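I have placed the structure first, in the form of structure tokens, so that the comments after it can refer back to it.
The values are calculated or read from the model by the stated rules, or taken from the named source; none is laboratory data. These numbers come from a predicted model, not from an experiment. Note that each Cβ is placed from the backbone with ideal geometry, even for glycine, and that neighbours are counted across all protein chains shown. Side chains are part of the model used for accessible areas, which takes the heavy atoms of the whole protein and leaves out ligands, DNA and RNA. Shrake-Rupley method; radii C 1.70, N 1.55, O 1.52, S 1.80 Å.
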Amino acid sequence: MSDFLDYLAYIFSFDSSNPLLFTQFQFWVFFAFVFAGFTFFKQRKILRNSYLFFISLFFYYKTSGLFVGLLLLVTCTDFFIAKRIALAKSLLRKRLFLILSFVVDLSILCYFKYAYFFADVLNTAFGLNIEVTNIAALGFNSMFGTSFNVDNIILPVGISFYTFQVMSYTCDVYKGLIKPVKNILDFGFYVTFFPQLVAGPIVKASDFIPQLYKKYNLSKTQFGIAIFWILNGLLKKIILSDYLALNFIDRIFDNPLLFSGFENVAALFLYSLQVYADFSGYTDIAIGLSLLMGFHLPKNFDSPYKAQNCSNFWKRWHISLSRWLQTYLYIPLGGNRNTTFGTYFWIITITLIALILSGSIWIAIFVLLVASLVVYTAFKFQQKRKTIVANLNSMITMLLGGLWHGASCNFMIWGGLNGVGMVIFKFWRDWTMTDRLLVAGAVTFILGLLSLLYPAPLWNLLFVFMLIILLGVSIRFLYKHSKYNMEFSWLEHSWAIFITFIFISFTRLFFRSGSDLDPAIANEKAWQTANDMVTQIGSAWSGNIFDVISAYDSVFFLFVIGMIIHWLPDKLKRRYRIMFAKLPIPVIGAITVVAIFVAYQFVSSEMKPFIYFQF
């Protein structure tokens, strides 16, 4: 009896070293019991929503422990504030309640996620010695006599996702797009729905809340599609993401200087596949689990490495976040219409951050001058104003989107580079072929001179990248002015995808080097890792490339297979999804058993958490 009680205590307790993950056997046992219970309540909307709300809280407790209290706090405050917004008679009162909601949500998010970042900024700017203290742990210790560590702030899993989700709810209520949810259990279910709680997709209230009141329905085809997405996500996560990370990528990023330039480049390209397989794998499983319970989550990925430019990439990657940023940040900043107070506020704020964290007045002056020149040009040349304003607000949105991912300069650099890529493409798109050739040639020439006169790995790296671009532009220019009329649109399309993939992969140098770090040391260590990788990639390569590929043949084989599957036509993917869904149930069961058996042959002794859990 005591052993049974100990086992129950283990099941209902939180173990920080063993959180409940989709890839664990324990999770599928948990879901089997959840789904069995769900069948009793599936047509009783109030009971069904309440049941899944409490199940979701338990799931979050098994993932994050006592931070479930924080989730409940956010849920309750936004539920009641949204009601006050709806009842307010004047626009001023509505705005005040909306601001209150933002203050509560963003204060919690900023404390847990950006405390070290802000402390670093203030210490650098004013010569202070602020030490971050875990106020929550301090309060618990005082009230209950516990002994939680007060020296470190632990980031709650999924805090960025559920914070943005509840903010979208109060915004939509304020705009009159939806009415506030009457029952707090229904609202709690919307906020905490466990399949997408800790890593998205970020679900807009106007899309999900109407589903709370629909009858449960699951056809045989929908069941097959749900199983397909679950298996697809598991195979992506275990075979591609975890295997590539453990057997190659993590080794390089842990100590770039021990590996050759080719190995560092390969790690970047493989990481692009890893992070996609990891994050989209989570989303696939979440979509499948939700569908089994009768709920539809939005598409979060659309073959992003088929993108022909940076703008198109962000319409395909993490779609729910991109739409959230567009709806609740880019448009309020003025969108492509005009500049607002928010535009100028963020220009000044980003300039100050650049000054403080870089320690260089010249970098801050450069950032401020560029921003001022852009604003001046927008007002001076009215015919170009719309384009210039749109680019400025896009850049600010991408910088803040980078900061959403993590409290490190590396994430802001990553977001900024993506913003630069989007802006450059918009200009590039409007240029003639002659303009493109002249600009690409001039930039390549300047970088070549810098490599000769001021040798540095960064100049070498940029010079090679521009040579690749110049080569493509030159071939297209010569072909356009030749006597041949045969169209090679497929080749041009492939070349654009290739260039975009290279660019996106290199921006991830800053993304990956800032991940998996203690926020207290994130800035310094992330910058050092990125600098070491640039040094290795931009310096003369040593060793034999074919020897490296031979030594890691299984890794490179999986990479090639993963990219080929990714680049398959959408129609073909849709066709084999439907074919799977229409198979007899026993056949689906047999395929499921085989797929799981194959997947778990790749499992290591330690399950890796999903990458976006930390965001």
- Message: Can you tell me what percent of all Cα-Cα pairs in region 223-263 are more than 14 Å apart?
- Response: 59 percent
- Task: Please work out the average accessible area per residue across the chain, using the 1.4 Å probe convention, and give it in Å².
- Result: 49 Å²
- Message: Exposed loop sites here are GluC sites (Glu not before Pro) in DSSP loop states with at most 10 other C-beta atoms within 10 Å. What is the longest stretch of the chain lacking them?
- Response: 132-486
- Neighbours of Phe301 by Cβ distance under 14 Å: Lys/Arg at +1, Asp/Glu at -1, summed charge +4
- Message: Explain nothing, just the number: dipole magnitude of region 381-458 about its Cα centre with +1 on each Lys and Arg Cβ and -1 on each Asp and Glu Cβ, in debye rounded to the nearest 20.
- Response: 280 debye
- Task: Tabulate in residue order the Karplus-calculated ³J(HN,Hα) for region 267-277, using 6.51 cos²θ - 1.76 cosθ + 1.60 with θ = phi - 60°, rounded to whole Hz; enter x for Gly and Pro.
- Result: 4, 5, 5, 5, 5, 4, 5, 4, 5, 5, 4
- Note on the structure: Sites removed, the longest contiguous part of the chain containing no DSSP-loop trypsin sites (Lys or Arg not before Pro) with at most 16 other Cβ within 10 Å is 338-482
- Item | Value of D in µm² per second that Stokes-Einstein yields for region 414-457, Kirkwood Rh from Cα pairs, at 25 °C (0.890 mPa s) | 203 µm²/s
- Convex hull of the chain built on C-alpha atoms - directionally averaged projected area, nm²: 33.5 nm²
- Note on the structure: Cα extents of region 205-363 per principal axis, largest first, Å, are 63, 48, 27
- Message: Restricting to Cα pairs below 8 Å that are 6+ residues apart, what does the relative contact order work out to for the chain? Please round to a whole percent.
- Response: 18 percent
- Query: Percentage of Cα-Cα pair distances in region 279-350 greater than 21 Å, rounded to whole percent?
  - Reply: 46 percent
- Once you charge only the Cβ atoms, +1 for Lys and Arg and -1 for Asp and Glu, what is the size of the charge dipole of the chain about its Cα centre, to the nearest 20 debye? 3300 debye
- Could you give me the ³J(HN,Hα) list for region 413-422, computed from phi with Karplus coefficients 6.51, -1.76, 1.60 and θ = phi - 60°, whole Hz, x at Gly and Pro? 5, 4, x, x, 5, 5, x, 4, x, 5
- Message: On a 24 Å Cα-Cα criterion, which of the cross-link pairs Lys62/Lys608; Lys175/Lys306; Lys83/Lys214 come out too long?
- Response: Lys175/Lys306
- Item | Accessible-area value, Ser554, 1.4 Å probe, nucleic acids and ligands omitted, Å² | 50 Å²
- Message: Taking the Cα centroid of region 25-67 and of region 238-280, what is the distance between the two, rounded to the nearest whole Å?
- Response: 35 Å
- Cα axis of helix 570-581 to longest principal axis of the chain: angle in degrees, 0 to 90, nearest 10? 20 degrees
- Query: For Arg93 and Lys182, what does the FRET efficiency come to when R0 = 22 Å and r is the distance between their Cβ atoms, rounded to the nearest 0.05?
  - Reply: 0.60
- Taking R0 as 30 Å, what's the FRET efficiency between Gln601 and Asn217 from their Cβ-Cβ distance, rounded to 0.05? 0.25
- Query: Going through region 180-259, which chymotrypsin sites (Phe, Trp or Tyr not before Pro) have at most 10 other Cβ atoms within 10 Å and a DSSP loop state?
  - Reply: none
- Charge context of Ala266, other residues only, Cβ under 14 angstrom, K/R +1, D/E -1: -1
- Message: Under 25 °C and 0.890 mPa s, how fast does region 187-238 diffuse according to Stokes-Einstein, given a Kirkwood radius computed over C-alpha pairs? Answer in µm²/s, whole number.
- Response: 189 µm²/s
- Mind checking the alpha-carbon convex hull of region 12-107 and giving the volume per residue in Å³? 123 Å³
- Query: Once both axes come from the Cα atoms, what is the angle between helix 25-41 and the longest principal axis of the chain, in degrees from 0 to 90, rounded to 10?
  - Reply: 60 degrees
- Message: Below 9 angstrom from the Cβ of Ile319, what's the summed charge of the other residues (Lys, Arg +1; Asp, Glu -1)?
- Response: +3
